[in-house]
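Peer 1: My questions will all concern the structure given below.
Where a number appears in this text, it was derived from the coordinates with a stated rule and is not lab data. Keep in mind that what you see is a predicted model, and the values were worked out from it rather than measured. Every residue, glycine among them, receives a Cβ derived from its backbone with ideal geometry; neighbour counts consider all protein chains shown.
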Amino acid sequence: MLEEVAAAPVWVGRMGEGMRVVLLGPPGAGKGTQADRIAARFQLVHLATGDILRANVADGTPLGEVAQAYLDSGELVPDEVVVAMMLERLTQPDCAHGFLLDGFPRSVAQARALDEHLAELGAPLDAAINLEVAEEELLQRLAGRGRADDNARTVRNRLQVFASSTRPLLDYYAGQGVLFSVAAAGTIDEVSERILHAPRDVSVNDAGGGSSWP
Ligand code: AMP
């Protein structure tokens, strides 16, 4: 373990105290797969908003009833609903030892609410890891996934929602100096390895950056 710490990338610096990490990236970037791996490696609670919402839909809870139409269309579930759900979850004791958020926040309003909550606890985010994928590659990946909300219209909408609501988070976290970006092309192992050595990203200003996002 000590050797790992010595060779650790900068975002792993607080590992001993329990890291607080956010994973960002468009739908189809492989967030879920990589989140599982990071969480297992660093013993973090892995919270995937989409999974929690889908479980609520499946269980027919009041939250699930609200969420269903948004999931089906690819729109974001309203900020206040998702924020309440996630902040409640984050107050549970297991999250005190570090967590990895996969799919939250997805808007600047959600990020602000998360920051305020963590500031109250005196436990700010350690890293926002950004998985970058070109749009053509995403469309191919999403086409092969077969999830209920992966039909063409919903996919298109989810990509637009990412571009308009979620992408601004990259600047938000770059401004805080906690953004780390990696190319998410290649094999699962390659991407995992890249994540562990992700460089700090302080300049995401849409000035090219190899991305084809609008
Ligand atoms: P995902 O499994 O992360 O791709 O999320 C699937 C769907 O759940 C999204 O298309 C949204 O409708 C909803 N969702 C997931 N996370 C959030 C969030 N942080 N804010 C609002 N809606 C969300």
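Peer 1: Taking the Cα-to-Cβ direction at His117 and at Arg156 and moving 7 Å from each Cα, how far apart do the two end points lie in nm?
Peer 2: 3.4
Peer 1: Could you please rank Ile129, Ile38, Ile52, placing first whichever residue has the fewest other Cβ atoms within 10 Å of its Cβ?
Peer 2: Fewest to most other Cβ atoms nearby, the residues stand as Ile52, Ile38, Ile129.
Peer 1: Taking the simple approach of a point 7 Å from Cα along Cα-to-Cβ for both Thr61 and Glu88, what is their distance in nm?
Peer 2: Between Thr61 and Glu88, the label points sit 0.6 nm apart.
Peer 1: Find the eigenvalues of the gyration tensor of the Cα atoms of the range 98-155, then list the square roots of 5 times those eigenvalues as equivalent ellipsoid semi-axes, largest first, in whole angstrom.
Peer 2: Values: eigenvalues 192, 31, 20 Å².
Equivalent-ellipsoid dimensions as semi-axes: 31, 13, 10 Å.
Peer 1: Quick one: pull the percentage of alpha-carbon pairs in the range 45-105 with a separation above 19 Å. If you can, show how the numbers build up before the last one.
Peer 2: Numbers: 491 of 1830 pairs.
Here the long-distance tail beyond 19 Å is 27 percent of all Cα pairs in the range 45-105.
Peer 1: Here is a follow-up. What share of all Cα pairs of the range 60-214, in percent, falls into each consecutive 5 Å distance bin?
Peer 2: Result returned by the calculation: 2, 8, 15, 19, 20, 18, 13, 5, 1.
Peer 1: If you don't mind, another one. How many angstrom lie between the Cα centre of the range 21-89 and the Cα centre of the range 169-196?
Peer 2: Here the two parts' Cα centres lie 19 Å apart.
Peer 1: Could you give the size of the charge dipole of the range 2-196 about its Cα centre, using +1 on the Cβ of each K and R and -1 on the Cβ of each D and E, expressed in debye and rounded to the nearest 20?
Peer 2: Here the range 2-196 has a charge dipole of around 280 debye.
Peer 1: What number, rounded to the nearest 500 deg cm²/dmol, is the helix-based mean residue ellipticity at 222 nm of the chain, given -39500 (n - 2.57) per DSSP H run of at least four residues and division by all its residues?
Peer 2: Computed ellipticity for the chain at 222 nm equals -14500 deg cm²/dmol.
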